[in-house]
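Q: Pasting a structure below so you can have a look.
The values are calculated or read from the model by the stated rules, or taken from the named source; none is laboratory data. Every value quoted in this text rests on a predicted model; they were computed, and no experiment measured them. Cβ atoms come from the backbone with ideal geometry, glycine included; neighbour counts cover every protein chain shown. Heavy atoms of the whole protein, side chains included, go into the accessibility calculation; ligands, DNA and RNA do not. Shrake-Rupley method; radii C 1.70, N 1.55, O 1.52, S 1.80 Å.
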Amino acid sequence: MKVFLPLLGLLVGLWAACDASRLACNYPPEQWCNSREIAAACQVEQQCVEFQSITAGQPVDLWLFYESLCGACRGFLVNELFPVWILLTDILNVTLVPYGNAQERNDSGKWEFRCQHGPDECLVNMIETCVMHYLGNIKDSFPVIFCIESSNFVINATEACLQIYAPDLAIEKVMSCVKGDLGNQLMHQNALLTETLNPPHQYVPWIVINGKHTDELQEEAMDMLYNLICKLYTGEKPEACKSGNTERNSFAMKARSLCWH
């Protein structure tokens, strides 16, 4: 009802604004905001701006908590999340948190990390965290992370992936972050984000959508992520959603080998 009343008021305003210009407005009311040209002809441009600001949906917000050498995490990120994000980037916000089932302890003011798959995983977690810190926008950083995680040699992939997807970011700058206080503090922030999850994570990949994690959401995300994002988006569906995708993800059956906490 809270949304309906402003919409009703705007529609009344649209009708009133167009009433004085019916000779120039040869479109039915449901088409007045279909384009800028129609809105101008019907003299309802401002009303259409207000109307569309109310009816536009917010992007679906997905957080992936993962660890860089977990097979299930790599499979989901590479085979499902990244392709779906490419197709639905206008309606899907992604945040990546590499830490997973790691543990941390404070030693004389500096954080030390122990990772489920050993020191190499801690290194790649840190590399990806520093890359995301420097590139900032997920649209710039996600292709690099995808490149690293899809490589047969994850540990040694960073430099080549930067050259392809972020040539302005030097590997030396990333490694300085990894080995210094900045990377240490960034990874500690990932630890805090992971350790304060509610409910607490039991495995990775751990998927949080629009601030919620449930067994049902996790299952649906891993089985049919494309359809889930389209279903959850409340605005006008993009063409990519209208085409439909009823097939279960090829990765779904392999995703049961989760990395347990």
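Q: Which aspartates and glutamates, on any chain, are close to residue 242 with Cα under 17 Å apart, when same-chain ones fewer than 8 places away are left out?
A: Cross-link targets: 90.
Q: Name the long-range amide H neighbours of residue 101: under 5 Å, sequence gap of 5 or more, or other chain; modelled H, no Pro or chain starts.
A: 116
Q: With θ set to phi - 60°, apply the Karplus curve 6.51 cos²θ - 1.76 cosθ + 1.60 along segment 150-155 and write out the HN-Hα couplings as whole Hz, x wherever there is a Gly or Pro.
A: 8, 6, 6, 10, 4, 5
Q: How many percent of DSSP beta bridges within segment 60-233 run antiparallel, rounded to 5?
A: 60
Q: Out of the total accessible area of segment 60-233 (probe 1.4 Å, heavy atoms of protein only), what percent is carbon and sulfur?
A: It is 51 percent, rounded to a whole number.
Q: Using 0.36 nm per residue of separation minus the Cα-Cα distance, give me the extension gain between residue 188 and residue 108 in nm, one decimal.
A: Length gained, residue 188 through residue 108: 27.3 nm.
Q: Here is a follow-up. Just to confirm a number: summing +1 for Lys and Arg and -1 for Asp and Glu over residues other than residue 104 whose beta-carbon lies under 12 angstrom from that of residue 104, what do you get?
A: So the surrounding residues net to 0.
Q: Would you mind classifying segment 60-233 by shape? Square roots of the alpha carbon gyration tensor eigenvalues, ordered a ≥ b ≥ c; an a/c under 1.5 is rounded, otherwise it is prolate if a/b is larger than b/c and oblate if not.
A: The shape class here is oblate.
Q: Between residue 214 and residue 37, what's the calculated FRET efficiency when r is the beta-carbon distance and R0 is 35 Å? Round to 0.05.
A: The calculated FRET efficiency here is 0.20.
Q: Find out how many positive minus negative residues lie around residue 147, taking Lys and Arg as positive, Asp and Glu as negative, among other residues whose Cβ is under 13 Å from that of residue 147.
A: -3
Q: Past 25 Å, Cα to Cα: identify those pairs from 110/139; 139/212; 110/212, in the order given.
A: 110/139; 110/212, as the Cα separations exceed 25 Å there.
Q: Enumerate the amide H contacts of residue 92 below 5 Å, restricted to partners 5 or more residues apart or on another chain; note that Pro and chain-start residues carry no placed amide H.
A: It is 60, by chain and number.
Q: Report the residues of segment 204-244 in range of a label on residue 95: point 7 Å along Cα→C-beta, backbone N strictly under 14 Å from it.
A: 207-213
Q: Once Lys and Arg get +1 and Asp and Glu get -1 on their Cβ, which of 228, 185, 94 lies farthest toward the positive end of the dipole of segment 60-233?
A: 185
Q: Further, regarding this structure: Residue-wise, which Karplus ³J(HN,Hα) couplings in Hz belong to segment 82-94, taking 6.51 cos²θ - 1.76 cosθ + 1.60, θ = phi - 60°, and x for glycine or proline?
A: Running phi through 6.51 cos²θ - 1.76 cosθ + 1.60 with θ = phi - 60° gives 5, x, 5, 4, 4, 6, 10, 4, 6, 10, 9, 9, 10 Hz.
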